[in-house]
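Here it is, the structure in full.
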């Protein structure tokens with residue numbers, strides 16, 4: 001039997017024996033490293049970072065602060081000042097400072113008042129309604145005059161020229177006189193006379209009102 005034939009028979013036998021034994025798969029260490037995910041791989045780059053749920057209870061981070069009586073009083077005073085300022089802002093209005101409902105032009109609608117008192121002088125405020133609309137103006141211009149008298153002597157005078165242009169078209173027209181009046185006594189009574197004086201005509205007294213005053217000490 002030739003050598004080539006013997007080698008051929010041995011190869012065939014070895015092949016049959018190998019086919020009869022099942023192959024055992026052995027995983028390579030490197031393959032296992034790349035195919036088996038680490039425990040936190042599914043959490044990405046934030047693995048190991050605490051969840052945001054751990055920070056929901058903000059109260060756990062509050063640091064108690066004890067204020068002194070002086071600090072509490074200062075805080076209460078500041079809150080009161082802020083509240084008063086807000087109340088003043090709400091009270092501020094751009095409406096007419098006098099109520100013109102039912103008022104008649106060039107008549108005694110409102111009393112004069114003393115808004116400022118000095119040591120020997122006062123400031124008298126006197127509003128006068130001279131028209132409710134253009135319909136109240138007859139076309140003749142005139143001077144609307146307010147005079148202040150102390151002990152029968154005139155100590156102040158104010159006037160405004162009422163023309164067609166000085167009368168509001170649809171709303172009331174009011175002249176707010178503010179008159180500085182020197183006085184000789186610490187307290188007393190002033191007379192305010194309001195008149196109408198047409199240009200080139202005779203002055204007409206409309207009404208007279210009085211107001212008490214007291215100077216600043």
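Which of the residues that make up segment 115-161 are in contact (Cβ under 8 Å) with a residue 40 or more places away in the chain, in a strand (DSSP E or B) and farther than 30 Å from residue 185 by Cβ? Please lay out each step first, then the result.
Looking only at segment 115-161, we keep the residues that are in contact (Cβ under 8 Å) with a residue 40 or more places away in the chain, and these are 115, 117-132, 140-150.
After this cut, where a residue has to be in a strand (DSSP E or B) as well, the list is 115, 117, 121-131, 142-150.
129, 130, 131, 142, 143, listed by residue number.
Inspect segment 45-57 for any residue being at pLDDT 60 or above, over 35 Å from the mean Cα position of the chain (by Cα) and within 30 Å of residue 163 (Cβ to Cβ) and give the result as yes or no.
No, segment 45-57 has no match at all.
Also, I was wondering about something else. Determine the pairs where a residue that is at negative phi and modelled with pLDDT of 60 or more, located within segment 59-74, has a partner that is surrounded by 10 or more Cβ atoms within 10 Å (Cβ to Cβ) and not in a loop (DSSP other than H, G, I, E, B) with Cβ atoms under 8 Å apart, the partner being 6 or more residues away or on another chain.
67/75
Residues being assigned to a strand (DSSP E or B) and surrounded by 12 or more Cβ atoms within 10 Å (Cβ to Cβ): count how many of those fall in segment 174-203.
So the answer is 20.
Pick out the one residue from 183, 167 that is modelled with pLDDT of 95 or more and touching a helix residue (DSSP H, G or I) at 6+ places or on another chain (Cβ under 7 Å). If you could, list the steps in order and put the result at the bottom.
Working: 183 fails: touching a helix residue (DSSP H, G or I) at 6+ places or on another chain (Cβ under 7 Å).
Sole residue among the options that is modelled with pLDDT of 95 or more and touching a helix residue (DSSP H, G or I) at 6+ places or on another chain (Cβ under 7 Å): 167.
Just checking, which of 80, 88, 101 is part of a loop (DSSP other than H, G, I, E, B), modelled with pLDDT of 60 or more and farther than 30 Å from residue 186 by Cα? Walk me through it before giving the result.
On the way: 80 fails: part of a loop (DSSP other than H, G, I, E, B); 88 fails: part of a loop (DSSP other than H, G, I, E, B).
Step by step, each of 80, 88, 101 is checked, and only 101 is part of a loop (DSSP other than H, G, I, E, B), modelled with pLDDT of 60 or more and farther than 30 Å from residue 186 by Cα.
Specify which of the listed residues (101, 87, 121) is farther than 23 Å from residue 200 by Cβ and in contact with a strand residue (DSSP E or B) (Cβ under 9 Å, 6 or more places away or on another chain).
Values: 101 fails: in contact with a strand residue (DSSP E or B) (Cβ under 9 Å, 6 or more places away or on another chain); 87 fails: in contact with a strand residue (DSSP E or B) (Cβ under 9 Å, 6 or more places away or on another chain).
Within the list 101, 87, 121, the selection yields 121.
The values are calculated or read from the model by the stated rules, or taken from the named source; none is laboratory data. Just so it is clear, the structure is predicted and the values come from calculations on it, not from any experiment. Cβ sites come from the backbone with ideal geometry, for glycine too, and all protein chains shown count toward neighbours.
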